[in-house]
Amino acid sequence: MNLVVLMRMVPDVVEELEIASDQKSLDPEALRLIVSESDDHALEEALLLKERCGGGVTVVAPEAPEVADLLYTAAAKGADRVIQLRGIEPGLGVAAMAEACAAALSAIPGLLPADLVLTGTQSIEDLDGLVAPLVARRLGWPYLGVVTGVSDVSNGTVTVIKEFQAGYRGEFQVSLPAVLGVQAAEKPPRYVPVAKVRAAMKATRIEEFEAPQPVPEPLQDVAIVALAKPEAAGHAEMLEGSVEDVAGKLCELLAERGLL
Amino acid sequence: MAGNIWVVADQWQGRLTDITFEALALGREVADALQVPLEAVLLGNGCASLAEELGCADTVICAEHPALAEPVPETHARAVAELAQQRQPRAILIPATNTNWGANTLLAALLDVPGVNFAVDLKAVDGALEARCVLYGGKIEVRVQPRKEPAVIGLWPGARPADQGRSQRKPSVEQASVSLAAEPKVRLKRYIEPEAGEVDLTRQDILVAVGRGIQSKDNLELAEELAQVLGGEICGSRPVVDQGWLPLSRQIGKSGLTVKPKLYLALGISGAPEHVEGMKDSALIVAVNTDPHAPIFNIAHYGVVADALELAPALTEAVRARKG
Amino acid sequence: MTDPAAGTFLGLPARVVLWVLALIAFGLFGWRVAGYIRVLARARPEPRWDQWPARLKRFALEILFQRKLLEEPLIGAAHLLIFWAFVFYATSFFWNLLRGLLPFLPIPYADQAAWMAVALELFGAVGLAALAAAAVRRYFFAPPRLEQTRDAGIILALISVVLLSSLTGAGALALAGEDHAGVGIASLFAGLLSGLGVAPEQGAQLNVAMWWVHMVTVLGFLVYLPYSKHLHLLASPFGVVFGSLKPPMPAASEGAARLEEFTWRQLFSGLACAECGRCDRACPALNSGYPLSPKELMHHVKEMIMASLASGGNGHRLLGDRVKPEAVWACMTCLACIQRCPVGNEHVPVLIELRRRLMADGEIEAHLQEALTNLARYGNSFGQSARNRARWTQGLDFKPKDARKEPVTWLWFTGDYAAYDPRLQPITRAAARLFQRAGLDFGILYEAEQNSGNDARRAGEEGLFETLMEKNLAAFAKARFERIVTTDPHSLHALKNEYPWQNGGVPVVHHTELLWELIRTNRLPLSKRLNGLVTYHDPCYLGRYNGVYEAPRQILRSLGVEFVEMPRHGSRSYCCGAGGGRIWMEDVPGIQERPAESRVREAAAVGAGTLVVACPKDWVMFQDARKTAGLEDKLAVKDIIELVEEATNP
């Protein structure tokens, strides 16, 4: 199977997020980037598929600070090719980036034909779209998101498990080639020791590829009015005191409402 | 016809979901502000009877086709796109549920217009449409104005109370036809039911929910004891289920259950949007978390900054003493 | 006196028989031992040839004086006597053999030299008594983890025969009336023999017969030795002399699963094991119900070596076939096994090599994976922003100096737990106030401090340890300071012993050492005497790893509290269960009593009202344990910092 995984770096919400003075973007000073969590799952699912069905995994990522680490880690985990896309401005919103990625996929030598393009089903910056369906639309391939399992490749189709609600899941049949938005891999993303990543740094070459067309102004079709920290509509009444005090107060509360 | 506000109805197993009504409530406000009609779009095969529930809208555009019987976002997006190209609405509100995840983006791409994701509010500002979207795990809000029509808005749960979108009124129903590929490339083969949990959590009055703050599977028993003494059941957020500490049948949130108990006690849960959407309508929400800035405190009625592992046993004792 | 090797035996000259038997015995023995050496030669190298004075001192203490065995005084004394009996008897054997094989040597037989005869008689009797005591202990009062094996029985029997034959021979000689300087034991045996009906004329013949019984038994023992646990006779001196002079940590490697991937020293432990069970009795993992037995581990190593000798080839695996991953991950690296082992075995390095292999194969459990990922990304195991490392200082009414920006005398390395755990932050602030009160010129690295890497290294993530170490060293290089103090024993160990400092490095001390110094020199004057009965838990990484036992006790004595020791104190301290990365791992099902619970019960059992600790992880573990053990009302857990602050508050 020829698998392509689209991954990218997004702001790490463990750090405090600050809004830039123009109010239309995040303050880059406070920012640290991290691999988008469901993209990590997409890579894991691809690697699991490769282990089961054979083939190759290529990881493609737009350039960003620390993206080299992402790519070397992917290589250490088992990706066969790692490619960095240049010329795509990182920033809020994904429509432009997805467009550029989709165009690049068609243009990178040896990448297509592929069987599956996998990427995260969503990310924390998807203001103006989701990457997977945008790429699917551009390539003219079918799409399915919220994927938690891929198996049974046969006769040009693949069986995909998708999550619904209330614990229900659905088994879908998707014609290949297709684009899948992965919610969670069948196993948690594997750990790769630092020593292996370092070894990958020496043994792997990150291919670089210029995004093939002038990338449109991000979000030209969606004008950002302002970013803000959410003002909570309300806030909980906080109970203070020792653990015993609070337990007592909560008991009172519950009793008043007839819950005890 | 042109310039109307559309709400695409979301269905699950033959019934309309709460978020459909939330979207209708929001759509109603926007349509009234812009003084245009509100239309609901109902897709399916043999679902026409659902149209009468959509009375909050002025008209229901009902499009039925065999291919729409399966919950495949691609197919549904194509159908809405076809209708939209004919009828040129001003804005299309699509509920963002797992069922039709991605449909909003596909629809926007098909219509070559901008899509807006994770919207929790929409209003008319000086004649323009402005959406408020929640990003970065709930930490940052962005207000945006789509510059092209129709504006495709992916709506997050909780924008308005669902009841606000329910109406006794019977809307006028218009049958529409769409032409779709006979052999879609994405087909639903079967539903996989969750393993039967012993209890139906949606019927419980009291739920004790655990999140990552519970730290390990062993500590579950502290929560279980508390649930037992309160006469309720235990449930959890996604990370806890992913770890295997609780079965999928006890997951609350986007891919799990939506519950509205009389008491929802959230222990060590941060309050990420995907979880909150599953419990925000609970009558009494009490949250315990060591992080005073945890988003859960924004939707809880009462909050405690403490270690759930210390508070749970203390509360168990207090309740036991109280109950005698 | 007759030459016992003269004469004939079944028609052959006895001396020839002796030669043949000796050659066969030594040949078989040598061949087997050569086999072991060949196996060890296939393993990876490990240099243990430095610091000979220290090594020889160890030899004297552990082998000649049997220091570790004397920790269990009764059997220790018995074994000491058996050992010295063996030394004399081995000497006598070689002496006798040489003289028997080479009759032209101008020396008498061993028992013909008066002083030797006395020694043999004395040690023979005392040795038999000690042997009897050992046998009684083994068969009637066996401590846990001492297995009743056939091997053990055979050895007891063989040694008894060796000693008895010698004493009987001496008795026979005395019976025959030959002048024999002795201490009366020979006469005793003469009396016994007489009582059994042996006539004085038969004495000389019996003496010769006993000589042969003795020599043949020893030769037989020689052949049997390499196949039994008594190989420790040969191996333990080497094990002790080539033991690690500091807590052992294997040099960076990719881990080991197969025989050839271990070092010779790691394999050697398997050969030297005497199966005494002391390691097992001390192991907190085993005693809690984890599937790890240090003794079994050594046994599996030995088995692997035996299998390799039996069938050759390179496919002999320790990991998986013999030792399961659950056992490998159970180790807390507390070093109790190594501390107790009388033959110098090093169990922990074997486990660390196995962990490195599991790590390389990505087979680690989810919790540990998360902690390591957080360490790599944020420099702390809590998954919190590095920027928040110094948030704990916000509760102080002064701002500690920033060692990145101005020179300080003392660099205070807080460690993750003290900085990030909200329950520990008040104690960290108390330490800051104490340092301030004492007028110490100290500073912290604020966000530049990273986890020391100690626990990542012990979890088998060598690359992560190196990354963290490099970042810390870079931060140290930019700062200017003279000494380091740390409130975390794990960090202490890494910084002091495992970081490659240039130019001899800087002194690194633990806060108890510093606080004692400040109290002793009155820079932290005590304002009141504290009451109560307290006991103290020696942290593994402060005590066993770094030998700091006295300073905390000095502090406690000076504070006025009444102090009582727990039975397992000092180097026998019982681990809280957090080390080796275990604080980041899930408990396995089937745990009977967590180490921390056992410890708090021990503290309560000696009547202490407060269990005093000196390590943040200990504090966390014991606070949890006192709840789960139901001791919240009876036992408080406090860091020594808290007590010092109380006693020095103005």
Which angle between 0 and 90 degrees, to the nearest 10, do you get for helix B:220-230 versus the longest principal axis of chain B when only C-alpha atoms count?
90 degrees
What translational diffusion coefficient, to the nearest whole µm²/s, does region B:96-196 have by Stokes-Einstein, given a Kirkwood radius computed over alpha-carbon pairs, a temperature of 4 °C and 1.567 mPa s viscosity?
77 µm²/s
Using the C-alpha atoms of region C:527-648, what convex hull volume per residue, in cubic angstrom, is computed?
99 Å³
I need the calculated FRET efficiency for the pair C:L473 and B:N45, taking r as the beta carbon distance and R₀ as 60 Å, to the nearest 0.05.
0.30
Under 15 Å from the 7 Å Cα→Cβ point of A:E89, by amide nitrogen: which residues of region A:226-246?
none
Interchain or sequence-distant (5+) residues whose placed amide H lies within less than 5 Å of the amide H of A:R8 are A:S36
Taking the dipole of chain C about the Cα centre (Lys, Arg +1; Asp, Glu -1; charges at Cβ), the one of C:M469, C:Y541, C:H232 that reaches farthest to the positive side is C:M469
If the rule is a partner Cβ under 4.7 Å, which cysteines in chain C fail it?
C:C273, C:C276, C:C283, C:C331, C:C341, C:C576, C:C615
Can you compute the helix-only [θ] at 222 nm over chain C? Use -39500 (n - 2.57) per DSSP H run of at least 4 residues, normalise by all residues, nearest 500 deg cm²/dmol.
-16000 deg cm²/dmol
Over region C:273-380, what is the relative contact order in percent, taking alpha-carbon pairs closer than 8 angstrom and at least six residues apart?
27 percent
The protein assembly as shown: Kirkwood hydrodynamic radius (Cα pairs, Å) comes out at 35.3 Å
How high is the relative contact order of region C:374-519, in percent, counting Cα pairs under 8 Å that sit 6 or more residues apart?
27 percent
From fewest to most C-beta neighbours within 10 Å, the residues A:M1, A:M7 line up as A:M1, A:M7
Theoretical ellipticity at 222 nm over chain B - DSSP helices of four or more residues, -39500 (n - 2.57) apiece, nearest 500:
-7500 deg cm²/dmol
Bridge type composition, the protein assembly as shown - antiparallel percent by DSSP, nearest 5:
30 percent
With both partners inside region B:5-176, how many of the DSSP beta bridges are antiparallel, as a percent to the nearest 5?
35 percent
Tilt relative to chain A, helix A:37-53 - C-alpha long axis, 0 to 90 degrees, to 10:
40 degrees
Show me the trypsin sites (Lys or Arg not before Pro) within region B:237-324 that DSSP assigns to loop and that have at most 16 other Cβ atoms within 10 Å of their Cβ.
B:K262
Between C:Q436 and B:V125, Cβ-based FRET efficiency (R0 41 Å, step 0.05) works out to 0.15
Any residue on another chain or 5+ positions along whose placed amide H is under 5 Å from the amide H of B:G115 is listed here as none
Explain nothing, just compute: Karplus ³J(HN,Hα) = 6.51 cos²θ - 1.76 cosθ + 1.60, θ = phi - 60°, for every residue of region C:23-39 in order, whole Hz, x for Gly and Pro.
4, 4, 4, 5, x, 5, 4, x, 4, 5, 5, 4, x, 4, 4, 4, 4
Using only Cα atoms, find the angle between the long axis of helix A:243-256 and the longest principal axis of chain A, and express it within 0 to 90 degrees, rounded to the nearest 10.
80 degrees
What shape does chain A have by the C-alpha gyration tensor, where a ≥ b ≥ c are the square roots of the eigenvalues, rounded means a/c under 1.5, and otherwise prolate means a/b greater than b/c and oblate the rest?
prolate
Check each of the GluC sites (Glu not before Pro) in region B:146-249 and keep only those in coil by DSSP with at most 14 other C-beta atoms within 10 angstrom; list them in order.
B:E195, B:E198
Return a whole-number percent for the relative contact order of chain B, with Cα pairs under 8 Å and 6 or more residues apart as the contact set.
15 percent
Near C:K246, which lysines are there with a Cα under 18 Å away, not counting those fewer than 8 places off in the same chain?
C:K57, C:K68, C:K496
Would you mind getting me the FRET efficiency between B:A283 and C:E326? Use the beta-carbon distance for r and R0 = 45 Å, nearest 0.05.
0.50
Under a crude label model (7 Å from the Cα following the beta-carbon direction), how far is C:E550 from C:F563 in nanometres?
1.2 nm
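Just so you know, all these numbers are worked out from the coordinates, no wet-lab data involved. Here the structure is a predicted model, which means the values were calculated and not measured. Backbone-built Cβ (ideal geometry, glycine too); neighbour counts: all protein chains shown.
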